[in-house]
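Below is one structure; the comments refer to it alone.
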Amino acid sequence: MTRAFVAGVGMTPFGKSGAGGPAYPALVAEAVGAALADAGIGYHAVQRAAVGYVFQPSAAGQRALYDVGLTGIPVVNTSNNCATGSTALLLAREWVEGGLSDVVLAVGFEQMTKEALSGDGAGAVSTIDRHLGVMLPRHGMADAPMTAQFFGHAAAEHMRRHGTTPEQLASVAVKNHEHSTRNPLAQFQEPYSLERVLGDQPVHGPLTRSQCSPVSDGAAAAVVVSERVVRDRGLTAQAVEIVAQSLVTDTASSFDSDSMIDVVGAPMTQRAAADVFNRAGIGIDDVDVIELHDCFSINEIISYEALGLCPEGKGGALVESRATTYGGRWVVNPSGGLISKGHPLGATGLAQCAELTWQLRGEAGERQVPGARWGLAHNLGLGGACVVTLYGAPRRGPVTRGRQP
């Protein structure tokens with residue numbers, strides 16, 4: 001089995017384009033064009049494409065790429081809720097590692113509306129009916145976005161069980177908004193004080209608006225290639241290896257208790273991370289930089305614990321200690337994360353890939369994590385799916401067998 005490398009990445013600025021803004025094919029063309037230019041590879045060399053989105057119509061992946069080129073390649077459309085972008089990347093990696101293709105595109109995009117985020121609770125069968133089966137008998141239904149209710153209840157549970165404070169929850173948003181001041185592609189690029197986050201408009205439970213990812217538009221892309229292409233095209237110094245990757249879905253453990261922390265994906269994160277570290281032969285202490293799925297501030301805290309950055313219940317103290325920002329043990333969400341960089345659902349996982357590729361190449365500018373060698377991405381979707389991906393920094397010599405030193 002060959003190894004898979006990210007040879008080029010690209011993304012659009014994230015934000016709300018509004019009426020009259022670019023349509024999704026234009027967003028995709030911008031991101032794909034940047035990724036191909038980064039790799040130094042023309043679209044004619046691409047053999048397959050995996051395209052992820054959530055809210056666009058069926059076969060939107062073909063239409064998204066037709067303005068880039070009409071070459072007749074297989075285009076596979078994929079949707080895994082918020083984990084869609086990383087799922088497209090996983091397909092691309094598997095095609096390369098399996099020897100089916102040498103040059104593959106992974107693309108994710110979204111144009112979002114508030115109506116699309118209102119929830120999936122209506123109808124005879126819902127994709128989140130198991131989740132609702134835990135929430136509704138205990139908490140009922142409120143007039144708030146469905147996902148905000150799930151994570152708001154998870155935040156309240158974490159506070160009851162572990163003593164997590166509103167200030168610790170808000171500290172996640174303060175950190176990520178500060179990080180995004182260094183990211184010209186982020187939706188928000190100004191710092192938020194603790195007082196501003198705590199005093200913002202309430203959304204659900206202890207969560208305020210500044211602690212929730214916004215409605216966003218955008219696209220991101222990665223060119224995934226085989227080690228033969230890395231060698232033959234002289235890409236060794238820029239090719240970031242996908243060292244290990246795992247996609248898991250819910251098991252009974254997500255729903256067999258009354259824990260909303262389990263409902264929002266902590267068991268999936270734990271399983272996916274354990275699988276990745278077992279395959280790679282390293283642990284979380286070896287990782288330098290992390291792009292983590294902070295759709296709500298509480299999910300960053302929950303995910304610290306599930307990924308192994310700290311023991312269960314200590315995530316609030318961890319962010320408060322500044323261990324997850326510059327000068328700390330890890331830098332988590334140097335891009336600004338979903339809260340501040342933005343969260344166009346289909347693009348998020350590939351935007352994480354782009355950020356970690358730039359970090360591991362040493363190309364992240366003012367937000368560069370010094371000496372970053374290992375990067376971890378965590379992309380979570382309720383419904384449910386979790387993808388955890390470990391990336392290794394480029395070698396500075398010829399591609400050889402074996403993992404990164």
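The values are calculated or read from the model by the stated rules, or taken from the named source; none is laboratory data. None of these values were measured; they are calculated from a predicted model. Virtual Cβ from ideal backbone geometry, glycine too; neighbours counted across all protein chains shown. All accessible areas refer to the heavy atoms of the entire protein, side chains included, with ligands and DNA or RNA removed. Shrake-Rupley method; radii C 1.70, N 1.55, O 1.52, S 1.80 Å.
Among the residues of segment 267-283 satisfying the criterion of being in a loop (DSSP other than H, G, I, E, B) and farther than 19 Å from PRO311 by Cβ, which is most open to solvent (accessible area, probe 1.4 Å)?
For segment 267-283, the residue satisfying everything is GLY281.
For segment 182-199, give me each residue that is open to solvent by less than 50 Å² (accessible area, probe 1.4 Å) and in a loop (DSSP other than H, G, I, E, B).
Hits for segment 182-199 are ASN183, LEU185, ALA186, GLN187, TYR192.
For segment 243-266: of the residues being in a strand (DSSP E or B) and touching a Cys at 6+ places or on another chain (Cβ under 9 Å), which is most open to solvent (accessible area, probe 1.4 Å)?
Restricting to residues being in a strand (DSSP E or B) and touching a Cys at 6+ places or on another chain (Cβ under 9 Å), the top hit is LEU247.
For segment 15-35, enumerate the residues that are closer than 23 Å to LEU91 by Cβ and touching a strand residue (DSSP E or B) at 6+ places or on another chain (Cβ under 6 Å).
Within segment 15-35, TYR24, LEU27, VAL28, ALA31, VAL32, ALA34, ALA35 meet the criteria.
Taking segment 205-242 on its own, how many of its residues are part of a loop (DSSP other than H, G, I, E, B), buried (at least 20 other Cβ atoms within 10 Å of the Cβ) and on the phi > 0 side of the Ramachandran plot?
Within segment 205-242, residues that are part of a loop (DSSP other than H, G, I, E, B), buried (at least 20 other Cβ atoms within 10 Å of the Cβ) and on the phi > 0 side of the Ramachandran plot number 1.
Going through segment 339-376 one residue at a time, which ones are under 23 Å from ASP285 (Cβ atoms), surrounded by fewer than 24 Cβ atoms within 10 Å (Cβ to Cβ) and not hydrophobic (A, V, I, L, M, F, W, C)?
ARG361, GLY362, ARG367, GLN368, PRO370, GLY371, ARG373 - these are the residues of segment 339-376 that are under 23 Å from ASP285 (Cβ atoms), surrounded by fewer than 24 Cβ atoms within 10 Å (Cβ to Cβ) and not hydrophobic (A, V, I, L, M, F, W, C).
A quick yes/no check of all residues on (1) assigned to a loop (DSSP other than H, G, I, E, B); (2) at pLDDT below 95; (3) surrounded by fewer than 24 Cβ atoms within 10 Å (Cβ to Cβ):
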position	(1), (2), (3)
GLY18	yes, yes, yes
PRO22	yes, yes, yes
VAL32	no, no, no
ALA37	no, no, yes
PHE55	yes, yes, yes
VAL68	yes, no, yes
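Of all residues in segment 287-322, how many are open to solvent by 20 Å² or more (accessible area, probe 1.4 Å) and of a type in the set (Gly, Ala, Ser)?
Residues meeting the conditions: 3.
Show the residue pairs meeting these rules: Cβ distance below 7 Å; 6+ apart or different chains; first residue within segment 54-74 and over 21 Å from GLY42 (Cβ atoms); second residue β-branched (Val, Ile, Thr).
VAL54/THR84
Just need a number here: residues in segment 157-170 that are outside any loop (DSSP other than H, G, I, E, B), in contact (Cβ under 8 Å) with a residue 60 or more places away in the chain and more than 20 Å from the chain's Cα centre (by Cα).
Looking only at that region, the number is 7.
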